[in-house]
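The values are calculated or read from the model by the stated rules, or taken from the named source; none is laboratory data. Model, not experiment: these values are computed from the prediction. Using ideal geometry, Cβ is built from the backbone for each residue, glycine included, and neighbour counts are taken over all protein chains shown. Ligands, DNA and RNA are excluded from the accessible area calculation, which covers all protein heavy atoms including side chains. Shrake-Rupley method; radii C 1.70, N 1.55, O 1.52, S 1.80 Å.
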Amino acid sequence: MVCAVGDETGKIFEQVFIPTKTPEKTMPEIIEYFTRAKVEALGVGCFGPIDLNKNSATYGYITSTPKLAWKNFNIAGMLTKTLGCPVGFDTDVNSSVLGEVTFGQAKGKNSVVYLTIGTGIGAGIYIGGDLLHGMLHPEAGHVLISKRADDSFEGNCPYHKNCFEGLASGPAIEKRWGKKAVELKEKEEVWELEADYIAQALTGYILTLSPQMIILGGGVMHQEQLFPIIRKNVKEILNGYIKTEEIRHMENYIVPASLHDNQGIMGCLELGRRAGM
């Protein structure tokens, strides 16, 4: 858990890291930190799935998470009760896209997709000037993609054998190739395959959500050699169907995160500001 204190301008005063153990061990440390800081409002960007329906009896809960100790845990409710301040609550990736559109390179845009590709794959989606919610919230890391004919890897997701996360997350790379992504930097075949799967997913988002910018973050995207290959592949898959300035200038359209890996925390500052309004 990354915890920080900042203000409504996005300035971060201090930041600490608290290990994600069980709620019984982790939550007292989080509560103590924010109590000591005397925060006026709190923004929470949480791993999921989570319940964001304010009319639901389980609003603010972590629901069917793979982190079993946190399943059906009322994290927003506990923080609201113990801290006595307004709490804004959303997914960690929605917090990241909110950070980018409030303080980063996507400021002024009303349609942005932020994708984190690391230990998992998740998408924060900002559409029509607001964060996307619906039946639940975006789980765009689990869109199904076509496996390449020369890829015999069975997939790393326990739910779907050929979903984006199962084929292209950091653990999937490590399981397929036998080494962590950072150790495979010079292996062109690794990144050609990775870029193929990322481009497939991005093309689907482009055709359904029509974002004005796509931002790629997370540990895997520290392999910056991926960006030109992804852009080329997206253009090839679109095959001239979409003709916009964004597609013509792909180097300004599919881009790395801009806030030095603080986009999630800065988005939480904005969630807190909105909750306290």
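With respect to the conditions (1) crowded, with 20+ Cβ neighbours inside 10 Å; (2) out of contact with any Pro (no Cβ under 9 Å at 6 or more places or on another chain), E183 falls short on a single one, namely (1).
Quick check, is E174 open to solvent by 10 Å² or more (accessible area, probe 1.4 Å), of a type outside the set (K, R) and within 23 Å of the chain's Cα centre (by Cα)? Against the criterion (open to solvent by 10 Å² or more (accessible area, probe 1.4 Å), of a type outside the set (K, R) and within 23 Å of the chain's Cα centre (by Cα)), E174 qualifies. Restricting M266, M277 to residues that are open to solvent by 20 Å² or more (accessible area, probe 1.4 Å), without any contact (Cβ under 8 Å) to a residue 12 or more places away in the chain, over 29 Å from D150 (Cα atoms) and of a type in the set (A, V, I, L, M, F, W, C) narrows the list to M277.
Evaluating S169 against the criteria (1) buried (at least 21 other Cβ atoms within 10 Å of the Cβ); (2) under 15 Å from V113 (Cα atoms); (3) hydroxyl-bearing (S, T, Y) leaves one unmet condition, (2). Here H160 meets each of (1) in a loop (DSSP other than H, G, I, E, B); (2) touching a His at 6+ places or on another chain (Cβ under 9 Å); (3) open to solvent by less than 50 Å² (accessible area, probe 1.4 Å) with one exception, condition (3).
Rundown of residues vs (1) in contact with a Lys or Arg (Cβ under 6 Å, 6 or more places away or on another chain); (2) buried (at least 18 other Cβ atoms within 10 Å of the Cβ); (3) of a type in the set (A, V, I, L, M); (4) under 20 Å from E139 (Cβ atoms), yes/no style:
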site	(1), (2), (3), (4)
G6	no, yes, no, no
E14	no, no, no, no
K21	no, no, no, no
T26	no, no, no, no
R36	no, no, no, no
C46	no, yes, no, yes
Y59	no, no, no, yes
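Scanning the range 132-147 for residues that are of a type outside the set (D, E, K, R), out of contact with any strand residue (DSSP E or B) (no Cβ under 6 Å at 6 or more places or on another chain) and within 23 Å of N53 (Cβ to Cβ) returns H133, G134, M135, L136, V143.
Please go through the range 224-253 and pick out each residue that is assigned to a helix (DSSP H, G or I) and touching a strand residue (DSSP E or B) at 6+ places or on another chain (Cβ under 9 Å). Passing the criteria: L226, F227, I230, R231, V234, E246, N252.
Would you be able to say whether some residue in the range 167-178 is modelled with pLDDT of 95 or more, touching a Phe, Trp or Tyr at 6+ places or on another chain (Cβ under 6 Å) and farther than 22 Å from I125 by Cβ? So far as the range 167-178 goes, yes, one or more of its residues are modelled with pLDDT of 95 or more, touching a Phe, Trp or Tyr at 6+ places or on another chain (Cβ under 6 Å) and farther than 22 Å from I125 by Cβ. Quick check, is Y197 within 22 Å of V255 (Cα to Cα) and surrounded by fewer than 20 Cβ atoms within 10 Å (Cβ to Cβ)? Judged against the criteria, Y197 is not a match. Residues that are within 14 Å of V113 (Cα to Cα), surrounded by fewer than 19 Cβ atoms within 10 Å (Cβ to Cβ) and free of Cβ contacts under 8 Å to residues at least 12 places away in the same chain: does the range 207-214 have at least one? Yes: the range 207-214 contains one or more residues that are within 14 Å of V113 (Cα to Cα), surrounded by fewer than 19 Cβ atoms within 10 Å (Cβ to Cβ) and free of Cβ contacts under 8 Å to residues at least 12 places away in the same chain.
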